[in-house]
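The values are calculated or read from the model by the stated rules, or taken from the named source; none is laboratory data. Here the structure is a predicted model, which means the values were calculated and not measured. All Cβ positions, even for glycine, are placed from backbone atoms using ideal geometry, and neighbour counts span all protein chains on display. Only protein heavy atoms, including side chains, enter the accessible area calculation; ligands, DNA and RNA are left aside. Shrake-Rupley method; radii C 1.70, N 1.55, O 1.52, S 1.80 Å.
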Amino acid sequence: MNIIMLGAPGAGKGTIAALIKEKYNLPHISTGDIFRANIKEETELGKLAKSYIDKGALVPDDVTINMVMDRLSNDDCKSGYILDGFPRTIVQATEFEKALQKSNTKIDVCILVDGDDDMIANRLSGRRVCEKCGASYHIEHMKPVKEGICDKCGGNLIHRKDDTVDVIKDRLKTYHEQTQPLIDYYGKNGNLKTVSGFLGSKEEIIKAIEGILN
Ligand code: AP5
């Protein structure tokens, strides 16, 4: 099963993708995570990506598309994948579509995680992520068992640099201008399903996802 996760920054794409990964045993491919790993390792890609991410802008389409296609050519994607944060522009979506057609594959479902800007500002300002494994928590809504420590791997939880009030505003603006049109794009293709970003517990989210995927 090939899945795309679509939605505003902080709507809950990563959280839901991690639950799908656990339940359906599919690789979770987050373009944001790949960029952050490159920034940490100070690669050329990382240096380029940082200059865009720090100001809430998107990394150029050609760089992002090549990176994703490279990742999808790995063996672990042969039986399916969850793409979290890609495509994010119409150019990315149309180029990706062409590549899928060439390889005779398709996207089975695009899951839109729905939310409003107020919810998102709260989610992002309270988010803490594990610097080791990338797991995501919230200081009010999704607390780890031990404050500041990841339940999964024991790593330290940090506040992402782009989760500050000013950068959040820019990320939301970028989302509305460049990514929101993809809701129509995938809606017209007939494989768009919406899940509310307001769902409270993991059990509620899993139930909603099962309703879509089973
Ligand atoms: P990326 O890392 O993909 O950031 P994003 O899309 O802005 O999404 P986030 O990871 O911030 O949020 P999310 O929706 O996954 O929410 P989460 O589940 O963590 O990208 C970063 C940057 O990289 C971009 O700005 C761009 O510059 C660049 N980039 C990436 N992809 C690109 C592309 N394709 N093209 C060009 N550039 C690209 O949840 C948020 C918080 O809410 C957490 O604290 C979580 O615990 C909490 N939460 C989640 N769900 C719930 C719930 N149901 N109830 C209560 N709390 C919840």
_Residues satisfying the stated conditions in the range 153-193, i.e. farther than 30 Å from residue 93 by Cβ and under 19 Å from the mean Cα position of the chain (by Cα)_ = 157, 158, 159
*Residue match in the range 59-78 (condition: at pLDDT 95 or above, touching an Asp or Glu at 6+ places or on another chain (Cβ under 6 Å) and of a type in the set (Ser, Thr, Tyr))*: no
_Is it the case, given these coordinates, that residue 156 is near the ligand (Cβ under 9 Å from one of its atoms) and surrounded by fewer than 17 Cβ atoms within 10 Å (Cβ to Cβ)?_
no
*Only one of 26, 48, 19 that is hydrophobic (A, V, I, L, M, F, W, C) and farther than 23 Å from residue 175 by Cβ*: 26
*Residue that is surrounded by 19 or more Cβ atoms within 10 Å (Cβ to Cβ) and not small (Gly, Ala, Ser), where the choices are 179, 164*: 179
_Residue in the range 19-47 that is most open to solvent (accessible area, probe 1.4 Å), counting only those that are within 11 Å of the ligand (Cβ to nearest atom) and over 27 Å from residue 205 (Cβ atoms)_ = 39
*May I ask you to verify whether residue 55 is touching a residue at least 24 places away in the same chain (Cβ under 8 Å), near the ligand (Cβ under 10 Å from one of its atoms) and open to solvent by 50 Å² or more (accessible area, probe 1.4 Å)?*
yes
*asked:* Here is a check on your reading of the model: is residue 132 part of a loop (DSSP other than H, G, I, E, B) and charged (D, E, K, R)?
replied: yes
*Selected residue [within 16 Å of the chain's Cα centre (by Cα) and of a type in the set (Ser, Thr, Tyr)] from 31, 94, 43, 105*: 31
*Does any residue of the range 69-87 turn out to be among the hydrophobic types (A, V, I, L, M, F, W, C), within 11 Å of the ligand (Cβ to nearest atom), farther than 17 Å from residue 213 by Cα and open to solvent by 70 Å² or more (accessible area, probe 1.4 Å)?*
no
*asked:* Being more than 10 Å from the ligand (Cβ to nearest atom) and either in a helix (DSSP H, G or I) or in contact (Cβ under 8 Å) with a residue 24 or more places away in the chain (or both): is that true of residue 98 here?
replied: yes
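When you scan the range 185-203, how many residues do you find that are part of a helix (DSSP H, G or I), open to solvent by 60 Å² or more (accessible area, probe 1.4 Å) and either touching a strand residue (DSSP E or B) at 6+ places or on another chain (Cβ under 9 Å) or of a type in the set (Ser, Thr, Tyr) (or both)?
Adding up the residues that qualify gives 2.
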